[in-house]
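Working notes, beginning with the structure itself.
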Amino acid sequence: MIASTTYRPALLAAMTLALAGLAGFGAQAASPRTDDQTQLPQAPAKAASSPWFQPPAESSLPNNAFGALVRQGQAIFLNTKALAPQYVGNELACVNCHLDRGRKANSAPLWAAYTMYPAYRKKNDKVNSFAERMQGCFQFSMNGKAPAADSEVLNALTAYAYWLSTGAPVGQALPGRGFDEPMPPKGGYDIARGAKVYSAQCAICHGANGEGKKVGATQVFPPLWGKDSYNWGAGMHRINTAAGFIQHNMPLGKGETLSDQEAWDVAAFVNSHERPQDPRLVNHDIEATRKKFHEGDGVNLYGVMVDGVLLGQGVK
Amino acid sequence: MHQPTPRARAWPLAGLLLLTSLASHAAPDGDTLMQKGGANPAAMPCISCHAPDGKGMAPAGFPRLAGLPADYIRKQLHDFKAGRRQNGVMQPIATALTEEEIDALAGAYAARPRVNVAPQPVGTPPEGSGAWIALRGAWDRSIPECTLCHGPGGIGVDPSFPPLAGQGAVYIENQLKAWRGTPAVKAHGKTRAVAAVPPSRQNDPNGLMQHIAASLTPTEMKAVAEYFGSLGDSSEPFDDTQHRLR
């Protein structure tokens, strides 16, 4: 049972929104931000004239034990399934959500995340170390098993994140952290409209059925739903979070071209499909799981009927 | 419900068989088309530029077609026909090809050996090199690494992202220029103003390449083209089982 939490006004607004969006009511203009960073101070907007934080150049990595561990972390970050198969239960890699090897602003860059931990997370109702935060990625986004906090995989990934944060102020929220989610559109979102955006702009890479694309054994474009994608407990299953990622980063190389409305619509379309079950499933009961974990978690469709089908059943 | 007699059903089937046999007469097999050209003399033999083995002539900028996805080749020929891809040599040829000939050629080239790129150890490319653009991109200019869409090692992702590995450097560079067009030059001193030339290639899905080509410098275009031109080997069969690291 989650201990009682003091909800920020934004969270309450988002919870209302979740319902309003489903019913097709006009959404209130309020921040939908309720992701796992909620407990962190909100990332400030960047002044137009100032650059994003710049992580160090790859060429500056020393050729010593530290440099080797950082390089190993980067390799795992890019080839997660190939290099850490025992922890990955789908076909995703860290770099699928953290573009440019975890360097890109508004694509949850590691340099903005690393310096904010330890931090309290509502998701597990405790103060999490950075290693624990990454364990969550493996359990939910990678639909796998969390590596031990002192495992080689997490040590290497931590070293990589630490090195990317070289020169970043500790404990100070940096612009570009997370996905900088757009405001929910006034008229709510529309899954059918999102399907049109998807087939025009996304299907060429992610496939007509969200399956992504492989070349031989190598997954090139990530699956967005179905058994090989992130599970119902991953942050990306929230429409608000996916809308932020999509608007800033998709289509590849053409970020910032979709409107708030298009980003929300297509995010809702993607997240209205089945995916692996939330590993926190309560007593094999979707409704109980929805109430406990999804009701207050941004805008999402877990445990909701869409087109006569109950979502949240999970696929294997 | 009315049930047709067996006899009445047989006639349309016979007609279909007749049509099928006529169509197969009209379109010779792809290999013959490559060597002798299409029924219309303007559809010249492919091998004169793309070489008998279909691997192209890299120094002259004639691209490799062997092992490219059939859907990709079909689309390019249609795009030449429609003018979405402008090229003085290929547009008349594509226009002279029949649909059946296009299908036969696309299938025959796709059936030829695909470039194999052996999985290689992943190192750090020199910053600013062609390999850097290929493997790291230039995200500060919204340029993703080429391998993100064209597959690890540039092996291609069917059907929309063709292989870059094993493709001639001159050809790749020419395509980047074609997607870019040339920007206008202002009058300066004694030189006259030159109007912008729009991209001569506008057939990339979602305009994914135009934006990238417009953001690359000419030096980067050349370097990245040379990088991919140096990769690939078709003496070994394409290995589908290997996991290729990025």
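The values are calculated or read from the model by the stated rules, or taken from the named source; none is laboratory data. Note that the structure is a prediction, hence the values are computed from the model and not measured. When we count neighbours, we look across all protein chains shown, and the Cβ atoms used for this are built from the backbone with ideal geometry, even at glycine. In case anyone asks, the SASA skips ligands and DNA or RNA and just uses the protein heavy atoms, side chains included. Shrake-Rupley method; radii C 1.70, N 1.55, O 1.52, S 1.80 Å.
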- request: Report, by chain and number, residues whose modeled amide H sits under 5 Å from the one on B:Ile143, excluding near sequence neighbours (fewer than 5 apart, same chain).
  value: B:Ala138
field: chain A: angle of helix A:260-270 to the longest principal axis, Cα-based, in degrees nearest 10
entry: 90 degrees
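Counting pairs of alpha carbon atoms under 8 Å apart in space and at least six apart in sequence, what relative contact order in percent does chain A give?
22 percent
Can you tell me, using C-alpha contacts under 8 Å and at least 6 residues apart, the relative contact order of segment B:30-114 as a whole percent?
For segment B:30-114, the relative contact order is 36 percent.
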task: Name the long-range amide H neighbours of A:Val306: under 5 Å, sequence gap of 5 or more, or other chain; modelled H, no Pro or chain starts.
output: A:Leu311
- prompt: Which of A:Asp297, A:Asp150, A:Asp278 moves the most in a Gaussian network model of chain A with Cα springs under 10 Å?
  reply: A:Asp150
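Give me the dipole magnitude in Debye, nearest 20, for segment B:30-114 about the Cα centre, with unit charges on the beta carbon: positive for Lys and Arg, negative for Asp and Glu. Walk me through the numbers on the way to the answer.
Details: 10 positive and 8 negative charges, 65 e Å.
So the dipole magnitude of segment B:30-114 works out to roughly 320 debye.
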- prompt: Under the Karplus relation 6.51 cos²θ - 1.76 cosθ + 1.60, θ = phi - 60°, what is the ordered set of whole-Hz ³J(HN,Hα) values for segment B:172-187, x standing for Gly and Pro?
  reply: 4, 4, 4, 5, 4, 5, 5, 6, 8, x, 10, x, 5, 10, 7, 4
- request: Output ³J(HN,Hα) for segment B:206-219: one whole-Hz value per residue in order, computed from phi by the Karplus curve 6.51 cos²θ - 1.76 cosθ + 1.60 with θ = phi - 60°, and x for Gly and Pro.
  value: 6, x, 5, 8, 4, 5, 5, 4, 5, 9, 7, 7, x, 5
- prompt: Percent relative contact order of chain B, based on C-alpha pairs within less than 8 angstrom and at least six residues apart?
  reply: 21 percent
query: Other chains near B:135-142: what is the mean number of their Cβ atoms within 10 Å of each residue's Cβ?
result: 4
field: Average accessible area per residue (Å²) across the protein assembly as shown - probe 1.4 Å, nucleic acids and ligands excluded
entry: 46 Å²
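Calculate the mean, over all residues of peptide A:98-105, of how many other protein chain Cβ atoms lie within 10 angstrom of the residue's Cβ. If you can, show how the numbers build up before the last one.
Numbers: counts 0, 4, 8, 5, 0, 3, 5, 1.
Across the residues of A:98-105, the mean count of other-chain Cβ atoms within 10 Å is 3.
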- prompt: Using +1 on the beta carbon of Lys and Arg, -1 on that of Asp and Glu, and nothing else charged, what's the dipole of the protein assembly as shown about the Cα centre, debye to 20?
  reply: 800 debye
query: Where does helix A:239-249 land angle-wise versus the long Cα axis of chain A, in degrees 0 to 90, nearest 10?
result: 50 degrees
field: Top positive-direction residue, dipole computed over chain B with Cβ charges, set B:His150, B:Ala187, B:Gln35
entry: B:Ala187
- request: At a probe radius of 1.4 Å, figure out the B/A buried accessible area, summed over both chains, and give it in Å² to the nearest 100.
  value: 2600 Å²
field: Folded to 0 to 90 degrees: helix A:9-23 orientation relative to chain A principal axis, Cα
entry: 50 degrees
query: Just how much of A:Phe221 is accessible, in Å², when a 1.4 Å probe is used and the result is rounded to the nearest 10?
result: 10 Å²
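Give me a single rounded figure for B:199-211: the average over its residues of other chain Cβ atoms within 10 Å of their Cβ.
On the way: counts 0, 0, 0, 0, 0, 0, 6, 10, 4, 6, 1, 0, 4.
Neighbouring Cβ atoms belonging to other protein chains average 2 per residue here.
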field: In sequence order, calculated HN-Hα J values of segment A:157-166 (Karplus, 6.51, -1.76, 1.60; Hz; x Gly/Pro)
entry: 5, 5, 4, 5, 5, 4, 5, 4, 8, 3
message: So if I take the centroid of the Cα atoms in segment A:88-150 and the same for segment A:241-316, what is the distance between those two points in Å?
response: 18 Å
message: Please compare each pair in B:Lys186/B:Lys222; A:Lys214/A:Lys316; A:Lys81/A:Lys145; A:Lys123/A:Lys145 to a cut-off of 23 Å on the Cα-Cα distance and tell me which ones are over it.
response: B:Lys186/B:Lys222
query: In deg cm²/dmol, rounded to 500, what helix-only [θ] at 222 nm does the protein assembly as shown give when every DSSP H run of at least 4 residues adds -39500 (n - 2.57) and the total is split over its residues?
result: -10500 deg cm²/dmol
- line: When the charge dipole of chain B is computed with +1 on Lys and Arg Cβ and -1 on Asp and Glu Cβ about the Cα centre, the Cα farthest towards its positive end, among B:Met221, B:Ala178, B:Gly61, belongs to B:Ala178
- prompt: Taking Cα centroids, how far is segment B:106-163 from segment B:193-246 in Å?
  reply: 8 Å
statement: Treating only Lys and Arg (+1) and Asp and Glu (-1) as charged, each at its beta carbon, one finds that chain A has a dipole about its Cα centre, in Debye to the nearest 20, of 260 debye
statement: Given GluC sites (Glu not before Pro), DSSP loops and at most 15 other Cβ atoms within 10 Å, the longest exposed-site-free stretch of chain A is A:1-255
- prompt: Between B:Glu127, B:Glu101, B:Glu236, which gets the highest mean-square fluctuation from a Gaussian network model of chain B, Cα cutoff 10 Å?
  reply: B:Glu127
Selected from B:Ser234, B:Thr95, B:Ala111, residue furthest toward positive end of dipole (chain B; charges at beta carbon): B:Thr95
- line: Counting only residues 5 or more apart in sequence or on a different chain, those whose built amide H sits under 5 Å from that of A:Tyr120 are A:Asn128
